[in-house]
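Asks: Take a look at the following structure, please.
The values are calculated or read from the model by the stated rules, or taken from the named source; none is laboratory data. Values in this document were obtained by computation on a predicted structure and should not be read as measured data. All Cβ positions, glycine included, derive from the backbone under ideal geometry; neighbour counts span all protein chains shown. Side chains included, ligands, DNA and RNA excluded: accessible areas come from the protein's heavy atoms. Shrake-Rupley method; radii C 1.70, N 1.55, O 1.52, S 1.80 Å.
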Amino acid sequence: QDSSPLQERILSALAGPEGNWVRVGDPNQSINSTFTAADPRYFRRFLVQEGVEHLSLPQSGRCGRPIMRLANRLVAWTLAEHPEPDVREMAFQDQTMSPTEPGDPQENPPDDECWIHFVRSPEESEEAEGRALADLAARFVSKHPERTCAVLCPTHWQGAHVVEALAARNPAVPYDDLLRSTPKTRSVAGLLAAVLRYLAGPTQGAALGGLVQALAEGGHLGAGADSDAAGAAFRGLVCDLQPERLFFPDDALDVRDTLPRNVPVTEEQVVLLERLSGLVARWVRAASLPIDQLLLTVAQDLYEDETLLATCHMLASSLRATADTHPEWRLWHHAEELDAVAHNRRTIGGLSLTDTGYVDQPGTVVVTTWHKAKGLEWDTVFLMGVDSLEFPSRCGDTFRDGPYFMPGRAPAIEARKRLEQAAGADFCCPEGVSLVEAARLECIAERLRLLYVGITRARRYLVFSHCRGRRGRAVQPAAPLAVLQADERPEARRSERARREEVERVR
């Protein structure tokens with residue numbers, strides 16, 4: 001559902017007029033259209049083309065029925081009642097999720113284990129909302145250590161309030177800060193940074209010591225260097241040697257011949273030296289390659305796991321783009337970029353959490369963004385910032401991405417719409433609507449799909465949260481939230497239960 005028009009044309013050409021082309025996706029979960037060339041309307045158009053057989057897969061065992069019902073209600077309300085008529089056409093595909101049959105390998109969680117809550121922070125700040133959600137999430141994992149839990153935030157900086165509150169808790173609660181990257185991504189970036197830092201100054205003992213430590217901690221040298229004592233002893237040994245003699249021993253047939261006679265070494269250390277010498281000598285020879293090729297050369301020597309190699313490729317591609325922008329940069333500049341990723345100060349690349357092999361852990365609070373959560377699921381999900389600023393409903397509303405001096409505007413999205421018009425793009429602008437209005441309508445539609453994705457990340461327990469103000473600006477609950485909350489009131493639930501019972505009685 002997130003394929004671009006160029007991908008569609010390429011795949012259509014590869015399949016050919018007689019080919020068999022299978023496209024699998026859910027257009028209701030397309031959340032990249034306002035910042036990429038993807039648009040769910042391309043997928044919908046494909047479904048109705050002549051010769052295309054459309055097979056629906058409506059059953060889902062991910063969510064409990066009350067949560068699934070809520071997601072279906074969001075779609076139904078948007079299609080029939082959204083205040084912007086054009087959004088009714090562009091936001092969702094008219095489809096309904098249904099629970100799995102009894103005995104299915106992935107049965108829906110029992111209804112009595114599912115709860116939906118709506119929380120409004122009494123204070124006018126995202127900081128207070130973040131603290132409140134951190135407290136709720138911490139109490140949940142303390143009470144249910146066997147369950148998984150996530151706090152989904154609209155932006156990195158809003159999620160930082162949640163992370164700060166979790167870090168300050170006493171007693172501590174386990175949490176994963178996935179706002180910018182996963183622990184695996186940070187680990188890979190840190191090791192690659194150590195390699196580049198050494199290659200930037202191959203005669204510096206401190207850089208070599210840092211590289212040896214990073215390789216040992218990553219398990220790339222062997223078991224003899226992973227303990228604190230053995231690792232410190234080995235680093236000391238390496239730093240006492242001449243790097244050019246160790247890595248390029250022209251007149252030595254054995255690594256022992258490169259060592260001073262008065263330096264005692266064990267057989268285990270000899271094996272480690274041979275491993276280190278082979279790796280570093282290869283990397284020094286490759287140091288003149290373009291940055292992306294250099295990183296991929298290092299990655300192939302260190303990793304076999306597909307997800308880690310994909311992470312290395314993502315980092316390499318990003319640094320190549322940076323090198324094109326800054327041709328004067330040297331290796332130590334790129335090492336600093338990777339350090340920023342390793343210390344969770346910067347995001348690089350576009351891999352999702354599922355692409356990087358992330359697996360959630362029970363009893364741990366995950367903090368990440370709505371977009372990065374796509375493809376994952378947790379027993380409990382707290383949705384932060386479900387307000388009118390994050391989820392506008394009318395063209396005249398204030399958009400979060402718009403500057404304060406341009407209320408009601410989203411310049412980046414509007415600029416993209418003008419480029420689309422110049423390129424003659426499909427679905428550029430509905431009839432009778434200006435480009436500015438079209439940009440705002442698309443933003444509204446995508447935010448509705450993002451809300452749908454957020455709801456359907458929860459298996460059993462779902463909490464909607466919003467505060468009364470954002471940076472001194474009063475905000476209201478998102479328009480869909482009021483509709484969903486009304487449907488979850490006890491009297492509404494009793495009315496629906498009575499209707500279902502009547503249907504069953506008639507049957």
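Asks: Being closer than 27 Å to residue 73 by Cβ, touching a helix residue (DSSP H, G or I) at 6+ places or on another chain (Cβ under 7 Å) and free of Cβ contacts under 8 Å to residues at least 24 places away in the same chain narrows it down to one residue among 486, 445, 482, 458; which is it?
Replies: The match here is 486.
Asks: Could you figure out which of (1) touching a residue at least 40 places away in the same chain (Cβ under 8 Å); (2) assigned to a helix (DSSP H, G or I); (3) over 17 Å from residue 176 (Cβ atoms) isn't true of residue 127?
Replies: (1) is the only condition that residue 127 fails.
Asks: Residues to consider are 478, 474, 458; find the one that is among the hydrophobic types (A, V, I, L, M, F, W, C) and over 30 Å from residue 110 (Cβ atoms).
Replies: Step by step, each of 478, 474, 458 is checked, and only 474 is among the hydrophobic types (A, V, I, L, M, F, W, C) and over 30 Å from residue 110 (Cβ atoms).
Every residue, every condition in (1) within 22 Å of residue 374 (Cβ to Cβ); (2) open to solvent by 50 Å² or more (accessible area, probe 1.4 Å); (3) assigned to a helix (DSSP H, G or I); (4) at pLDDT 90 or above, yes or no:
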residue: 13; (1), (2), (3), (4): no, yes, yes, yes
residue: 20; (1), (2), (3), (4): no, yes, no, no
residue: 31; (1), (2), (3), (4): yes, no, no, no
residue: 50; (1), (2), (3), (4): no, yes, no, no
residue: 87; (1), (2), (3), (4): yes, no, yes, yes
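Asks: Then there's this: Inside segment 283-312, can you point out the residues that are assigned to a helix (DSSP H, G or I), over 22 Å from residue 201 (Cβ atoms), open to solvent by 10 Å² or more (accessible area, probe 1.4 Å) and touching a Leu at 6+ places or on another chain (Cβ under 7 Å)?
Replies: 310
Asks: Can you confirm whether residue 20 is more than 24 Å from the chain's Cα centre (by Cα) and farther than 25 Å from residue 486 by Cβ?
Replies: yes
Asks: Then there is this: Within segment 266-278, is even one residue open to solvent by less than 60 Å² (accessible area, probe 1.4 Å), assigned to a loop (DSSP other than H, G, I, E, B) and closer than 30 Å to residue 241 by Cα?
Replies: no
Asks: Could you list, in sequence order, the residues of segment 410-455 that are part of a loop (DSSP other than H, G, I, E, B) and open to solvent by less than 10 Å² (accessible area, probe 1.4 Å)?
Replies: 410
Asks: I've got another one for you. Write out, first by first residue and then by second, each pair whose Cβ atoms fall under 9 Å of each other, whose residues are 6+ apart or on separate chains, and whose first residue, in segment 289-307, is within 17 Å of residue 331 (Cβ to Cβ) while the second is among the β-branched types (Val, Ile, Thr).
Replies: The qualifying pairs are 289/297; 291/322; 294/195; 295/195; 298/195; 299/188; 299/311.
Asks: If you take the residues in segment 330-353 that are in a loop (DSSP other than H, G, I, E, B) and open to solvent by 60 Å² or more (accessible area, probe 1.4 Å), which one is modelled with the lowest pLDDT?
Replies: So, considering only residues that are in a loop (DSSP other than H, G, I, E, B) and open to solvent by 60 Å² or more (accessible area, probe 1.4 Å), the one modelled with the lowest pLDDT is 350.
Asks: Has segment 98-115 got any residue that is closer than 21 Å to residue 459 by Cα, assigned to a helix (DSSP H, G or I), open to solvent by 60 Å² or more (accessible area, probe 1.4 Å) and free of Cβ contacts under 8 Å to residues at least 40 places away in the same chain?
Replies: yes
Asks: For segment 68-76, indicate whether the set of residues that are touching a residue at least 40 places away in the same chain (Cβ under 8 Å), touching a strand residue (DSSP E or B) at 6+ places or on another chain (Cβ under 9 Å) and within 24 Å of residue 154 (Cβ to Cβ) is non-empty.
Replies: Within segment 68-76, one or more residues are touching a residue at least 40 places away in the same chain (Cβ under 8 Å), touching a strand residue (DSSP E or B) at 6+ places or on another chain (Cβ under 9 Å) and within 24 Å of residue 154 (Cβ to Cβ).
Asks: Could you tell me whether residue 180 is open to solvent by 50 Å² or more (accessible area, probe 1.4 Å), outside any helix (DSSP H, G or I) and under 30 Å from residue 291 (Cα atoms)?
Replies: Yes, satisfied.
Asks: Now for a different question. Can you name every residue in segment 120-130 that is open to solvent by 50 Å² or more (accessible area, probe 1.4 Å) and either over 25 Å from the mean Cα position of the chain (by Cα) or of a type in the set (A, V, I, L, M) (or both)?
Replies: Once the filter is applied, which keeps residues that are open to solvent by 50 Å² or more (accessible area, probe 1.4 Å) and either over 25 Å from the mean Cα position of the chain (by Cα) or of a type in the set (A, V, I, L, M) (or both), segment 120-130 yields 120, 122, 123, 124.
Asks: Quick check on my filter: what residues within segment 186-203 are open to solvent by 10 Å² or more (accessible area, probe 1.4 Å) and hydroxyl-bearing (Ser, Thr, Tyr)?
Replies: Listed by number, the residues that qualify are 187, 203.
Asks: Given (1) open to solvent by 40 Å² or more (accessible area, probe 1.4 Å); (2) of a type in the set (Asp, Glu); (3) in contact (Cβ under 8 Å) with a residue 12 or more places away in the chain; (4) farther than 21 Å from residue 191 by Cβ, where does residue 379 come up short, assuming only one miss?
Replies: Residue 379 satisfies all of (1) open to solvent by 40 Å² or more (accessible area, probe 1.4 Å); (2) of a type in the set (Asp, Glu); (3) in contact (Cβ under 8 Å) with a residue 12 or more places away in the chain; (4) farther than 21 Å from residue 191 by Cβ except (1).
Asks: Let me ask something else about it. Kindly indicate which of 166, 136 is open to solvent by 20 Å² or more (accessible area, probe 1.4 Å) and in a helix (DSSP H, G or I).
Replies: Going through 166, 136 in turn, the sole match is 136.
Asks: Quick one: which residue in 206, 230, 252, 216 is open to solvent by less than 60 Å² (accessible area, probe 1.4 Å), at pLDDT 70 or above and among the aliphatic types (A, V, I, L, M)?
Replies: Exactly one residue qualifies, and that residue is 216.
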